[in-house]
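What follows is a short report on a single structure.
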Number of protein chains: 2
Amino acid sequence: MQAPSSQYEVTWLIRRLFRAMAQLADNYLRAHGLAAADRAVLEFLYPDETLAVPEIASRNQVSRQHIQVTVNALLEDGFLQSRPNPRHKRSPLFALTHVGRELFRKIRAAETELLNQLFADIPADDIECTRRTLQAMYFHNLAQGDTHESD
Amino acid sequence: MQAPSSQYEVTWLIRRLFRAMAQLADNYLRAHGLAAADRAVLEFLYPDETLAVPEIASRNQVSRQHIQVTVNALLEDGFLQSRPNPRHKRSPLFALTHVGRELFRKIRAAETELLNQLFADIPADDIECTRRTLQAMYFHNLAQGDTHESD
DNA sequence: GCAATATTGACAAATTACTTGTCAATATTG
DNA sequence: CAATATTGACAAGTAATTTGTCAATATTGC
């Protein structure tokens with residue numbers, strides 16, 4: 001029958017790659033006792049951001065309750081520290097501790113290894129073109145689909 | 001601090017786009033009473049494949065029990081039909097019915113609408129370059145990470 | 001053919017990764 | 001300062017999927 005369009009294939013590949021990447025990343029994260037949600041929080045704070053729980057949640061488009069639990073656990077494990085929030089006295093800001101920053105740096109380094117394999121033999125120009133295109137897709141998407149609140 | 005590499009950004013965007021796309025697709029699928037897993041099965045069979053449950057599962061990298069349940073439901077709803085499997089008498093092959101094929105065609109058409117918005121203003125060359133790059137990534141990935149069985 | 005081994009479908013329970021609901025405490029704002 | 005909103009904590013619910021188990025039946029190696 002008709003060949004699928006390039007557009008369709010791009011979205012198909014995004015779906016497949018996401019799953020494949022998630023599996024690779026999960027294997028690695030598990031070795032450090034982290035879940036994907038933990039990694040996401042660390043990423044939002046790396047290297048020097050300070051954010052409150054509700055703000056991390058809204059940037060990550062997940063419920064604040066979920067991020068609350070994740071942040072509490074990371075705090076307990078010594079990867080995060082809290083500081084007073086000038087904008088809201090009940091909702092402290094969180095930042096990486098030195099240990100947390102080192103942890104995420106290591107995670108990134110390991111991921112970079114995987115990335116280098118994943119991108120082996122792909123010309124830099126193609127990677128840059130892909131980045132530009134996906135970014136445009138992402139912003140198109142946001143422009144039309146980012147008008148929902150919760151809670 | 002240091003700017004993230006293009007490689008890293010590409011994978012970041014894949015993660016973000018996957019989630020955004022999943023949300024868009026889910027809204028549409030729900031209207032047809034389907035879940036993402038149903039769509040995946042229909043896609044594997046569209047337009048004229050015939051596959052047994054364990055084979056769909058292995059291609060989709062999910063457990064055969066999960067696909068079994070999904071296929072049973074689609075069969076009950078009249079979207080699939082079974083035929084004898086020459087390679088295994090207990091494990092019939094499944095194919096789309098006419099209704100099932102029409103359903104998936106409609107899903108695809110609706111998705112194409114969304115895709116056209118998502119890709120609006122992106123040059124065809126960039127889309128093609130992106131497709132080529134993602135495909136290369138996907139095959140790199142498969143080449144190294146496809147050696148695990150289950151069950 | 002026939003025995004040993006493997007595969008399959010069915011079902012149940014467990015797991016993961018969240019969301020939603022609720023509430024009291026405390027903030028912010030008008 | 002009173003009305004309203006936000007936050008953190010906790011509980012319960014949900015969706016999608018995995019894992020475990022089993023009996024039935026296939027396939028295979030001899």
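Based on this model, can you work out whether residue A:134 counts as hydrophobic (A, V, I, L, M, F, W, C), part of a helix (DSSP H, G or I), within 27 Å of residue A:34 (Cα to Cα) and out of contact with any Cys (no Cβ under 6 Å at 6 or more places or on another chain)?
Working: hydrophobic (A, V, I, L, M, F, W, C): yes; part of a helix (DSSP H, G or I): yes; within 27 Å of residue A:34 (Cα to Cα): no; out of contact with any Cys (no Cβ under 6 Å at 6 or more places or on another chain): yes.
It is false that residue A:134 is hydrophobic (A, V, I, L, M, F, W, C), part of a helix (DSSP H, G or I), within 27 Å of residue A:34 (Cα to Cα) and out of contact with any Cys (no Cβ under 6 Å at 6 or more places or on another chain).
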Problem set entry | Yes/no for residue B:43 being over 21 Å from residue B:89 (Cα atoms) and either touching a helix residue (DSSP H, G or I) at 6+ places or on another chain (Cβ under 8 Å) or within 14 Å of DNA strand C (Cβ to nearest atom) (or both) | yes
Exercise. Got at least one residue in the stretch B:58-68 being over 15 Å from the mean Cα position of the chain (by Cα) and modelled with pLDDT under 95?
Worked result: no
Seminar exercise, completed: Checked the stretch A:39-65 for anything within 8 Å of DNA strand D (Cβ to nearest atom), without any contact (Cβ under 8 Å) to a residue 60 or more places away in the chain and in a helix (DSSP H, G or I); matches are A:53, A:54, A:55, A:65
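Checking the structure you have, find out if any residue of the stretch A:99-111 is more than 16 Å from the chain's Cα centre (by Cα), under 17 Å from residue A:51 (Cα atoms) and at pLDDT 95 or above. So that I can check it myself, show each step before the final result.
Restricting attention to the stretch A:99-111, the residues satisfying the condition of being more than 16 Å from the chain's Cα centre (by Cα) are A:99, A:102.
Next, only the ones that are under 17 Å from residue A:51 (Cα atoms) stay: none.
Checked against the condition, which is being more than 16 Å from the chain's Cα centre (by Cα), under 17 Å from residue A:51 (Cα atoms) and at pLDDT 95 or above, the stretch A:99-111 yields no hits at all.
Counting only residues that are among the hydrophobic types (A, V, I, L, M, F, W, C) and either modelled with pLDDT under 85 or not in a helix (DSSP H, G or I) (or both), which one in the stretch A:15-38 is farthest from DNA strand D (Cβ to nearest atom)?
A:34
Could you please find all residues in the stretch B:97-118 being more than 30 Å from residue A:140 (Cβ to Cβ) and within 12 Å of chain A (Cβ to nearest Cβ)? Let's see the steps before the verdict.
Initially, the stretch B:97-118 is screened for residues more than 30 Å from residue A:140 (Cβ to Cβ), giving B:97-101.
Correct list: B:101 only.
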Exercise. Using beta carbons and a limit of 8 Å, which pairs, at least six apart or on different chains, have the first residue in the stretch B:6-29 and more than 7 Å from chain A (Cβ to nearest Cβ) and more than 14 Å from residue B:118 (Cα to Cα) and the second one buried (at least 16 other Cβ atoms within 10 Å of the Cβ) and among the charged types (D, E, K, R)?
Worked result: B:28/B:111; B:29/B:38; B:29/B:39
For this session: Inspect the stretch B:91-98 for any residue being in a helix (DSSP H, G or I), more than 12 Å from DNA strand D (Cβ to nearest atom) and out of contact with any Cys (no Cβ under 8 Å at 6 or more places or on another chain) and give the result as yes or no.
Result: yes
For this session: Collect the residues in the stretch A:58-94 that are more than 8 Å from DNA strand C (Cβ to nearest atom) and within 14 Å of chain B (Cβ to nearest Cβ), keeping them in residue-number order.
Result: A:59, A:60
Exercise. (1) surrounded by 15 or more Cβ atoms within 10 Å (Cβ to Cβ); (2) in contact with a Gly (Cβ under 6 Å, 6 or more places away or on another chain): which one isn't true of residue B:99, the others all being true?
Worked result: (1)
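Considering each of B:121, B:125, B:151 in turn, give the residue that is within 30 Å of residue B:6 (Cβ to Cβ) and part of a loop (DSSP other than H, G, I, E, B). Walk me through it before giving the result.
Details: B:125 fails: part of a loop (DSSP other than H, G, I, E, B); B:151 fails: within 30 Å of residue B:6 (Cβ to Cβ).
Unique residue meeting the criteria: B:121.
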Exercise. Is it the case that the stretch B:45-52 has a residue that's within 24 Å of residue A:3 (Cβ to Cβ) and away from every other protein chain (no Cβ under 14 Å)?
Worked result: yes
Problem set entry | Residue list for the stretch A:66-90, restricted to those being touching a helix residue (DSSP H, G or I) at 6+ places or on another chain (Cβ under 8 Å), near DNA strand D (Cβ under 9 Å from one of its atoms) and assigned to a helix (DSSP H, G or I) | A:66, A:67, A:68, A:71
Exercise. Can you tell which of A:122, A:107 is closer than 15 Å to residue A:34 by Cβ and more than 16 Å from DNA strand D (Cβ to nearest atom)?
Worked result: A:107
Exercise. What do you reckon, is residue A:119 surrounded by fewer than 17 Cβ atoms within 10 Å (Cβ to Cβ), under 20 Å from the mean Cα position of the chain (by Cα) and over 21 Å from residue A:30 (Cα atoms)?
Worked result: no
Exercise. Listed residues B:72, B:60; which is surrounded by fewer than 16 Cβ atoms within 10 Å (Cβ to Cβ) and not aromatic (Phe, Trp, Tyr)?
Worked result: B:72
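The values are calculated or read from the model by the stated rules, or taken from the named source; none is laboratory data. Because the structure is a prediction, the values reported are computed rather than measured. Every residue, glycine among them, receives a Cβ derived from its backbone with ideal geometry; neighbour counts consider all protein chains shown.
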